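Asks: If you scroll down you'll find the structure; I have some questions about it.
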Amino acid sequence: TQSTRPQRLLSAVQKNATRGDPCSVVRAIDDFCRHKEWAMNVGDEKGCILDSVVSEMNPAAVLELGTYCGYSTVRIARLLPPDAKFITLEFNPGFAAIARQVIAWAGLEEKVQLVEGASGDWIPKIKEQFGIKTFDLVFLDHWKDRYLPDTKLMEECGLLRKGSVLLADNVICPGTPDYLEYIRSSPKYESRYFKSHLEYTKVEDGLEKSIFLG
Ligand SMILES: Cc1ncnc2c1ncn2[C@@H]1O[C@H](/C=C/CNC(=O)c2cc(-c3ccc(F)cc3)cc(O)c2O)C[C@H]1O
Ligand SMILES: [Mg+2]
């Protein structure tokens, strides 16, 4: 039977990365995607911007929308303080299965809670299911037309507090026009665009960092 790209990405991690070494897992995926098969990970260039936002915030509660193969999950989890809560949502069972193995290879399974399901279904349940009051950081990297509805849903569910940060991937390519329009014009947010490139290419892309003002 044919393997899938996520399966081949996982094999590259298991072949080239050291168990328990998150940086070697990140490097193995970036090498695979740059030299063998492109995949929609946030990548090394935008990944450094993600790292700096996570490190600067030292967040106690993080939500990631769209785990995919777990690349950004590993990048984030490796920087979190020991008792931080980190939830990542993924509704494709195949991707979730690969991501669990990538996260485990990095030795970070204790720091991450991968929840299988749709963000729209799970966001309203997070408070009671996981005992989380608000998120300090949300990384949006799932279907681009879900960024705006899920942001409004997080507001409605009281999951954001004054100072919560939304960090959105792909605001240029593939683009999230309705989200950008909303977040940049809303008095409830202070936004800043971090110009970069689409992972493993020279095409422009970037991250939008938005602080919820309450
Ligand atoms: C609603 C919802 N709930 C839970 N998981 C969800 C979800 N929507 C998607 N997901 C999961 O997130 C992942 C989806 C991510 C979507 N990301 C993308 O479509 C994406 C696409 C590109 C891209 C750019 C240029 C090109 F020419 C081609 C592709 C680059 C990226 O960085 C991306 O994140 C996997 C999916 O199962
Ligand atoms: Mg992305």
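The values are calculated or read from the model by the stated rules, or taken from the named source; none is laboratory data. Just so you know, these numbers come straight off a predicted model, no measurement behind them. Neighbour counts are summed over all protein chains in view; Cβ atoms, including those assigned to glycine, are modelled from backbone coordinates with ideal geometry. Please note that ligands, DNA and RNA were not included when accessible areas were found on the heavy atoms of the full protein model with its side chains. Shrake-Rupley method; radii C 1.70, N 1.55, O 1.52, S 1.80 Å.
Asks: For the range 1-59, which residues satisfy the criterion of being of a type in the set (Gly, Ala, Ser), more than 16 Å from ligand 1 (Cβ to nearest atom) and assigned to a helix (DSSP H, G or I)? It would help to see each step written out before you state the result.
Replies: Going through the range 1-59, the residues of a type in the set (Gly, Ala, Ser) turn out to be 3, 11-12, 17, 20, 24, 28, 39, 43, 47, 52, 55.
Okay, now just the ones that are also more than 16 Å from ligand 1 (Cβ to nearest atom), so 3, 11-12, 17, 20, 24, 28, 52, 55.
If the condition is that a residue be of a type in the set (Gly, Ala, Ser), more than 16 Å from ligand 1 (Cβ to nearest atom) and assigned to a helix (DSSP H, G or I), then SER11, ALA12, SER24, ALA28, SER52, SER55 are the ones that fit.
Asks: Looking at GLY163, GLY107, GLY120, which is the one that is over 28 Å from SER24 (Cβ atoms), modelled with pLDDT of 95 or more and either in contact with a Lys or Arg (Cβ under 9 Å, 6 or more places away or on another chain) or open to solvent by less than 10 Å² (accessible area, probe 1.4 Å) (or both)?
Replies: That would be GLY120, the only listed residue that is over 28 Å from SER24 (Cβ atoms), modelled with pLDDT of 95 or more and either in contact with a Lys or Arg (Cβ under 9 Å, 6 or more places away or on another chain) or open to solvent by less than 10 Å² (accessible area, probe 1.4 Å) (or both).
Asks: Continuing with the same structure: Could you check the range 78-112 and list, in sequence order, the residues that are among the acidic types (Asp, Glu) and either in a loop (DSSP other than H, G, I, E, B) or over 14 Å from the mean Cα position of the chain (by Cα) (or both)? Outline the logic, then answer.
Replies: Narrowing the range 78-112 to residues among the acidic types (Asp, Glu): 83, 90, 109-110.
Those that are among the acidic types (Asp, Glu) and either in a loop (DSSP other than H, G, I, E, B) or over 14 Å from the mean Cα position of the chain (by Cα) (or both): ASP83, GLU109, GLU110.
Asks: Specify which of the listed residues (ARG100, ARG75) is within 14 Å of ligand 2 (Cβ to nearest atom) and of a type in the set (Lys, Arg).
Replies: Details: ARG100 fails: within 14 Å of ligand 2 (Cβ to nearest atom).
None of the others qualify; the one that does is ARG75.
Asks: I would also like to ask the following. Could you count how many residues in the range 60-77 are in a loop (DSSP other than H, G, I, E, B) and at negative phi?
Replies: Residues that pass the stated criteria total 3.
Asks: Can I ask one more? Could you grab the pairs with beta carbons closer than 6 Å, sequence gap of 6+ or different chains, first residue in the range 66-86 and more than 16 Å from SER52 (Cβ to Cβ) and open to solvent by 10 Å² or more (accessible area, probe 1.4 Å), second one of a type in the set (Gly, Ala, Ser) and away from ligand 2 (no atom under 13 Å from the Cβ)?
Replies: What qualifies is ALA84/ALA60; LYS85/ALA61.
Asks: For residues in the range 174-208 being open to solvent by 30 Å² or more (accessible area, probe 1.4 Å) and assigned to a strand (DSSP E or B), which is farthest from ligand 1 (Cβ to nearest atom)?
Replies: GLU190
Asks: What is the residue count in the range 134-153 for residues that are over 14 Å from SER210 (Cα atoms) and either without any contact (Cβ under 8 Å) to a residue 40 or more places away in the chain or hydrophobic (A, V, I, L, M, F, W, C) (or both)?
Replies: The number of residues fulfilling the criteria is 5.
Residues are listed down the side, and each one gets a yes or a no for (1) of a type outside the set (D, E, K, R); (2) farther than 23 Å from ARG8 by Cα:
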{"site": "ILE87", "(1), (2)": "yes, yes"}
{"site": "TRP105", "(1), (2)": "yes, no"}
{"site": "LYS111", "(1), (2)": "no, yes"}
{"site": "ILE126", "(1), (2)": "yes, yes"}
{"site": "PHE130", "(1), (2)": "yes, yes"}
{"site": "ASP136", "(1), (2)": "no, yes"}
{"site": "ASP141", "(1), (2)": "no, no"}
{"site": "LYS144", "(1), (2)": "no, yes"}
{"site": "LEU148", "(1), (2)": "yes, yes"}
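Asks: Same structure, new question: If I go through the range 139-157 residue by residue, how many of them are open to solvent by 30 Å² or more (accessible area, probe 1.4 Å) and away from ligand 2 (no atom under 16 Å from the Cβ)?
Replies: 6
Asks: Do the conditions hold for ASP136, that is, is it open to solvent by less than 30 Å² (accessible area, probe 1.4 Å), among the charged types (D, E, K, R), part of a strand (DSSP E or B) and away from ligand 2 (no atom under 16 Å from the Cβ)?
Replies: yes
Asks: Need the failing condition index for LEU9 against (1) farther than 15 Å from ILE98 by Cα; (2) open to solvent by less than 10 Å² (accessible area, probe 1.4 Å), just the number.
Replies: With respect to (1) farther than 15 Å from ILE98 by Cα; (2) open to solvent by less than 10 Å² (accessible area, probe 1.4 Å), LEU9 is out only on (1).
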